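Report on one structure; see the data block that follows.
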Amino acid sequence: MIPVITIDGPSGSGKGTISRLVAEHLGWNLLDSGAIYRVLGLAAERAGISAQQRSELAILARSLDLHFQGEKVLLGDEDVSQLIRTETAGNAASKVAAVPQARAALLDWQRAYAKAPGLVADGRDMGTVVFPDAAIKIFLTASAQERALRRYKQLKEKGLDASLASLVAEIQERDDRDQNRSVAPLKAPAAALEIESTSLSIDEVLKQVLDRVQETYPELAISAPE
């Protein structure tokens, strides 16, 4: 059995950053499942396929020419790393992720990422559906206002215009869609370590996660974050 750590949570909860740092500390593989759905959303938009066209979307998902090269995300030979990180791409991902046929088509693809020495899986249903037997499950959350503020600061740092009120509304709308979809809704997995990160720093969250890893795998040598 390959050891797996799942880190789930809503948009802007910091799960991507924490997942990457945990994977780096352990030297394990990283699965960014959100990137998969973002690429699918982009590919569907380019192909003129809506979320209502479920069969067509499933066919597209099964044939998705997606590759990861370090932090680069490639669709065919095209680097779409930046394209899929916009708010528009995030909303498109949320819509296609609500389609059961699309999720089923990508399930085996995601599970194949569990390779030695271990995997850190970042997403919304990693601990509930994709890796239900994972020994360590984390659920990160934060208030919608805090998550919108984090995104607002990111956009401003990039020199992009943003409306905090609009970001709060978009996050709340996406949360509602993710939590109430008919298949694999966003929720904390059973026995997960739930971390409310609104008032916590990245290092504080990371320490809690690494502490849980050390408790579960005491044989691992894990250096504490500075």
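The values are calculated or read from the model by the stated rules, or taken from the named source; none is laboratory data. Keep in mind the model is a prediction, meaning the values are calculated, not measured. No Cβ is skipped: glycine too gets one built from the backbone with ideal geometry, and neighbour counts run over all protein chains shown.
Does V209 satisfy being modelled with pLDDT of 95 or more and more than 16 Å from G9 (Cβ to Cβ)? Judged against the criteria, V209 is not a match. Determine, yes or no, whether L200 is at pLDDT below 95, aliphatic (A, V, I, L, M) and farther than 24 Å from Q82 by Cβ. No: the conditions fail for L200.
Look at (1) within 30 Å of V4 (Cα to Cα); (2) part of a helix (DSSP H, G or I); (3) touching a helix residue (DSSP H, G or I) at 6+ places or on another chain (Cβ under 9 Å); (4) among the polar types (S, T, N, Q) and you find that Q208 fails only one, number (3). Cβ-Cβ below 7 Å, separation at least six or inter-chain, first residue in the stretch 66-82 and within 21 Å of A112 (Cβ to Cβ), second in a strand (DSSP E or B) and modelled with pLDDT under 90: which pairs? Hits for this filter: L74/H67.
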